[in-house]
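Visitor: Next up is a structure, given as structure tokens.
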Amino acid sequence: MRKLTIAVVLILALAGFYIAWPAYTGRVIGLALKSNDSATLERKIDFPRVRESLRPVLMAEVERSVSSIRDDGSAMKKLVAGQLKPDRVRSIVDRTIETIVTPDSIVRIARQGRTLKQAIERGLLDQITAGLTSGDDARNVLGSVIGRFTRRSGDAPASAPPKADDDPPPLAASGSERRYGLGNIKHIVPTGPLSFEVGLNRDAGSPFPELLVELAFTGLDWKVVRLTPLLDR
């Protein structure tokens with residue numbers, strides 16, 4: 001009887017550590033986004049690690065897209081894309097990440113009902129346009145650069161990305177607030193003894209995730225340590 005009691009206690013403890021505690025972290029983050037609580041986000045999201053995890057993803061995607069434009073784009077696009085040297089691409093990606101992946105910025109993105117992918121597209125647009133001589137040409141090139149980001153997402157075509165000042169209205173203005181449940185979780189897979197990855201999609205009916213979130217036990221708490229938007233969906 002004693003052994004059975006110990007086994008039950010152990011199972012409950014493991015369930016609390018690996019299920020209830022991470023779920024609580026997710027709930028706290030959700031409430032922080034709704035209440036514009038950037039201080040709580042700072043505690044529950046390891047922003048330096050999240051920024052570092054995004055850098056290689058964006059670098060590879062932008063460099064691959066720019067290379068494709070140089071090979072197959074129009075003469076004007078090739079001319080403008082030619083200005084996007086590796087060092088400039090790296091600088092653009094770094095500035096985009098530093099601008100977007102902050103507590104205040106994440107709160108603003110959530111308040112506007114945008115996704116991380118959409119925020120990245122906007123950030124790349126702002127950074128590329130600011131560094132090129134012709135805004136219109138830069139916008140056309142950016143449409144090609146980020147086209148693969150929205151090709152499968154059902155969003156508007158990226159060939160005409162929004163202007164930097166065309167922010168969408170906040171959710172409160174539309175009278176609709178998106179709610180998430182178990183149907184929005186597409187997979188949960190361990191990535192280590194104290195970490196696991198959750199695949200999420202705003203569309204509960206979709207079988208595929210649009211965002212990968214890694215949670216890890218660090219600093220005596222479960223925190224988000226990686227955010228990876230699936231840019232080709």
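No value in this document is a laboratory result; all are computed from the given coordinates. What you see is a predicted model, and the numbers here were worked out from it, not measured in a lab.
Visitor: Counting only residues 5 or more places away or on other chains, whose amide H sits under 5 Å from the amide H of Lys186 once H atoms are built in the peptide plane?
Guide: Gly199, Leu200, Asn201
Visitor: Next question. List every residue whose amide H lies under 5 Å from the amide H of Leu230, counting only residues 5 or more places away in sequence or on a different chain, with H placed 1.01 Å from N in the peptide plane.
Guide: When sequence neighbours closer than 5 places are left aside, the close amide H contacts are Leu211, Leu212.
Visitor: Quick one: 3J(HN,Hα) in Hz for the range 197-209, Karplus 6.51/-1.76/1.60 with θ = phi - 60°, rounded, Gly and Pro as x.
Guide: Residue by residue, the range 197-209 yields 10, 10, x, 10, 8, 4, 8, 4, x, 7, x, 10, x Hz.
Visitor: Beyond a 29 Å Cα-Cα separation, which of these cross-linked pairs lie in this structure: Lys186/Lys223; Lys85/Lys117; Lys34/Lys186; Lys3/Lys44?
Guide: Numbers: Lys186/Lys223 20 Å; Lys85/Lys117 23 Å; Lys34/Lys186 23 Å; Lys3/Lys44 37 Å.
Correct reply: Lys3/Lys44.
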